[in-house]
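The values are calculated or read from the model by the stated rules, or taken from the named source; none is laboratory data. If you're wondering where the values come from, they're calculated on a predicted model, not measured in any experiment. Quick reminder, even Gly has a Cβ in these numbers, built from the backbone with ideal geometry, and neighbours come from all protein chains shown.
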Amino acid sequence: MQHNQTSPSIAGSADMTTDDVIRFEDVNKWFGTFHVLKNINLSVKSGEKIVICGPSGSGKSTVIRCVNQLETHQMGRILVNGREVHDDMKGLEQVRAEIGMVFQSFNLYPHLTVVENLTLAQIWVHKRPRKEAEERAHHFLKRVHIEEQAQKFPGQLSGGQQQRVAIARSLCANPKIMLFDEPTSALDPEMIKEVLDVMVELAEEGMTMVCVTHEMAFARKVANRVIFMDQGQIVEEAKPEVFFDAPKSDRARLFLSQVLQH
Amino acid sequence: MTDKLLTANAAIREQTGILPPAEGRLPPKVHTGPVDWIHRNLFPDWRQGLLTIVVLYLLYLSMPGLYNWAIGNATWAGDRADCVANGGACWAFVNARWGQFMYGFYPVAERWRVDLTFVLLIASVAPLLFPATPGKRWILGFALLVYPVIAFFLLYGGILGLPVVETARWGGFMLTLVVAISGMVGSLPLGILLALGRRSKMTSIRLFCTTFIELFRAVPLITVLFMASVMLPLFMPQGFTLDKLLRALLGVALFNGALMAEVIRGGLQAIPRGQYEAATASGMGYWRMMIFVILPQALRIVIPGIVNTYVAIIKDTTLVLIIGLFDLLGIVQAGIADSNWLSASVTKTGYVFAGMGFWVLCFGLSRYSMYLERRLNTGHNT
């Protein structure tokens, strides 16, 4: 089938295995005088799945928002696919176009239909012909099990459906890295699973993923590493089974006892 | 299907005396018909019934007088003497001056050019007003880029053997439309650019736009028109003159662009930060983000404000009289002062006629904006 030949691979390019796709070197950031990120060092290899957790205000969202420079850092270096990124670099838009991002509040474009949400960046950033962009959109809508909603507006969908559309929208760009910023925090409990299922499928297909989430079961199942942050610092970095069963720091123990209570 | 259900329900009720379960029931009967309508809307209780009666009485008091003036005692043909004798509206005056009210001092032999311009305008704008039209992009491009050029040469002449008609001879309803439409078409893009500029991160652009907006917003339109008409030529290089009408059009567009900018800025501020972030994260640059994501939403929110400004533009066209241009109101006023017609009856009729002309334009615009708002509602703000 012709569709299979052109069908885009979800996993990023496979030739990146040798180097880190994301690398933070002594990154510091302040909001005004408030020191949000303190000497962050972090590296993510191609195909790795990282879960960042920690209490609110610990800087975990800020870390992933620095990857595509939605937030700018003031000290240190951030490398994405071997290229240093900073706020006034040339080609920042190109770097961003290769990173998918899923937000807590979905951020679908409410004035466009679902399929138009998926084709907009394809047509105007990736310069694909409309027809090809639409084929691709339908392909990924099918992947997130929501193809029948293609002609609806975001306002007509449930939260879980909207978030799956948002994931499909990011995937349409053929990203090498996917960033998830608390993707299930704004969802009703019965809708969390449908979004996590899609994320698990994505992980199984080999996508490089950095997720800020409180879903500890998801972290245990999918993550290669869990990063625990508190007060702008990385406090612990460990394999999920080690982190969950034997956290080293008191802060992590306290956090886990609060999160896992229910 | 429903019929079967009804029969089944009736049978159940008859046999058992019990209402069938909820999913088998129909919604409660909706009242229809004129009697029900009057009951629900005019006499739902004694207080509202009383109000209805009071309003009906007021209509009874005022309507016959209005009818007698506008129709009963009106003069449809004749001269001043007939109008004075009949005492009602003097439609004969409007009739006699119709050509002037519509075209100003445009030469009679060339008035077909104005008609053609107007027909072309309707033909190129009407298809845009309805969602189902195919190839809208091309029609819009024609209406915005090609049409103004055609309209200018048709009205002004000077090519293809069309005799030149100086803008000083333009007037009446035609001039009202020319000023209003150029004001609307000019002020929206100018307003968008100024609104974006005022929110720009670049200090020089922000400073320029803010100054421009605050300067034009803080003076009356009459001042701007006076400046455009009297002061502007003083700053022009020797031998370079700008047509008086063109100066007025520029003044109207700049003034209303400043007002429009603040309306649009209100819409921009209502767009959540997440929309900017989603567009930025997908790799869109500033202009693509604005054009495809932010502005469509922002403009939709401020449709009522934009239409408000448009209605004001239409009515403000009457101010061009100040600089010696005769719009619809101006030409009617000039006609009233004509010694052949001068009388109280003609004066009243003239002002009522001019008022109706503006009312039709503004009311039509406001109805269209309501239709637009309903159609563009995609359910996200409910």
Quiz prompt | Odd one out for B:MET284, checked against (1) without any contact (Cβ under 8 Å) to a residue 24 or more places away in the chain; (2) surrounded by fewer than 20 Cβ atoms within 10 Å (Cβ to Cβ) | solution = (2)
Quiz prompt | Criterion: within 14 Å of chain B (Cβ to nearest Cβ), under 18 Å from the mean Cα position of the chain (by Cα) and either acidic (Asp, Glu) or not in a helix (DSSP H, G or I) (or both) - qualifying residue of A:LEU79, A:LEU70 | solution = A:LEU70
Quiz item: Does any residue in the range A:84-105 that is at the interface with another protein chain (Cβ under 8 Å from one of its Cβ atoms) come within less than 9 Å, Cβ to Cβ, of a residue that is part of a strand (DSSP E or B) and of a type in the set (Asp, Glu) six or more places away or on a different chain, and which pairs are these?
Solution: A:MET101/A:ASP181; A:PHE103/A:ASP181
Exercise. Taking B:PHE292 as the residue in question, decide whether it is farther than 30 Å from A:PHE106 by Cβ and among the aromatic types (Phe, Trp, Tyr).
Key: no
Exercise. With respect to B:ARG367, determine if the residue is among the basic types (Lys, Arg), surrounded by fewer than 18 Cβ atoms within 10 Å (Cβ to Cβ), part of a helix (DSSP H, G or I) and within 17 Å of the chain's Cα centre (by Cα).
Key: yes
Quiz prompt | Subset of the range B:263-313 (residues that are facing chain A (nearest Cβ under 8 Å) and among the β-branched types (Val, Ile, Thr)) | solution = B:THR280, B:VAL293
Exercise. Scan (1) surrounded by 12 or more Cβ atoms within 10 Å (Cβ to Cβ); (2) under 24 Å from B:ARG169 (Cα atoms) for the single condition B:VAL219 breaks and write down its number.
Key: (2)
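To keep it simple, each residue is scored yes or no on (1) more than 14 Å from chain B (Cβ to nearest Cβ); (2) buried (at least 19 other Cβ atoms within 10 Å of the Cβ); (3) over 27 Å from B:LEU376 (Cβ atoms); (4) touching a Gly at 6+ places or on another chain (Cβ under 8 Å).
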{"residue": "A:GLU132", "(1), (2), (3), (4)": "yes, no, yes, no"}
{"residue": "A:GLN156", "(1), (2), (3), (4)": "no, no, no, yes"}
{"residue": "A:ARG164", "(1), (2), (3), (4)": "yes, yes, no, no"}
{"residue": "A:ILE177", "(1), (2), (3), (4)": "no, yes, yes, yes"}
{"residue": "A:VAL198", "(1), (2), (3), (4)": "yes, yes, yes, no"}
{"residue": "A:ALA203", "(1), (2), (3), (4)": "yes, yes, yes, no"}
{"residue": "A:GLY206", "(1), (2), (3), (4)": "yes, no, yes, yes"}
{"residue": "A:MET209", "(1), (2), (3), (4)": "yes, yes, yes, no"}
Practice problem: Kindly establish whether B:GLY49 is at pLDDT below 85 and small (Gly, Ala, Ser). | Solution: no
Quiz item: Condition test on B:ALA151, is it within 28 Å of B:VAL332 (Cβ to Cβ), outside the structural domain of B:ASN308 (by TED's automatic domain parsing), of a type outside the set (D, E, K, R) and in a helix (DSSP H, G or I)?
Solution: yes
